[in-house]
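The values are calculated or read from the model by the stated rules, or taken from the named source; none is laboratory data. Being a predicted model, the structure only gives us computed values, none of them experimental. Cβ placement follows ideal geometry from the backbone for every residue including glycine, while neighbour counts extend to all protein chains displayed. Surface areas here come from the heavy atoms of the whole protein model, side chains and all, with no ligands, DNA or RNA. Shrake-Rupley method; radii C 1.70, N 1.55, O 1.52, S 1.80 Å.
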Amino acid sequence: MITIVPHDAEIICALTDRYLAGESLWSLTRWSDDNEMDKTWRTSTVRTMLCNPRMAGLRTHNGVVVAQAVWEPILPIE
């Protein structure tokens, strides 16, 4: 079972909104460090997280989306 941590989900949504608005990955990484995420983030980690189909409730196999997941998405597919 996948459990969404509400505080972390809010941060992920905020990171996504800021990224789509044009903010740099470096800036987002610094911002997430300042907003009490569970660990220190690296730019590559933020990029991977924002591009991960699992955040939109999608399942992948070998990098290809194969199905809608059984867990609730944090981000909309759009």
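So the values come out like this:
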item	result
Per-selection Rg to Rh, the chain - Cα, Kirkwood hydrodynamic radius	0.97
With all protein chains modelled, accessible area of Arg30 [1.4 Å, Å²]	80
Fraction of accessible area attributable to carbon and sulfur, the chain (%, probe 1.4 Å)	54
Difference of contour (0.36 nm per residue) and Cα-Cα distance, Thr45 to Val65	5.2 nm
Cβ-derived FRET efficiency at R0 35 Å, Ile77 paired with Trp26, nearest 0.05	0.85
Length-normalised contact order of the chain in % [C-alpha pairs under 8 Å, at least 6 apart]	25
Per residue value of the accessible surface for the chain (all protein chains in place, 1.4 Å probe), Å²	71
GluC sites (Glu not before Pro) within segment 1-76: DSSP coil, no more than 14 neighbouring Cβ in 10 Å	Glu23, Glu36
Alpha-carbon centroids, segment 1-26 and segment 41-78: separation in whole Å	12
Nearest-10 value in Å² for the accessible area of Asp17, using the 1.4 Å probe	100
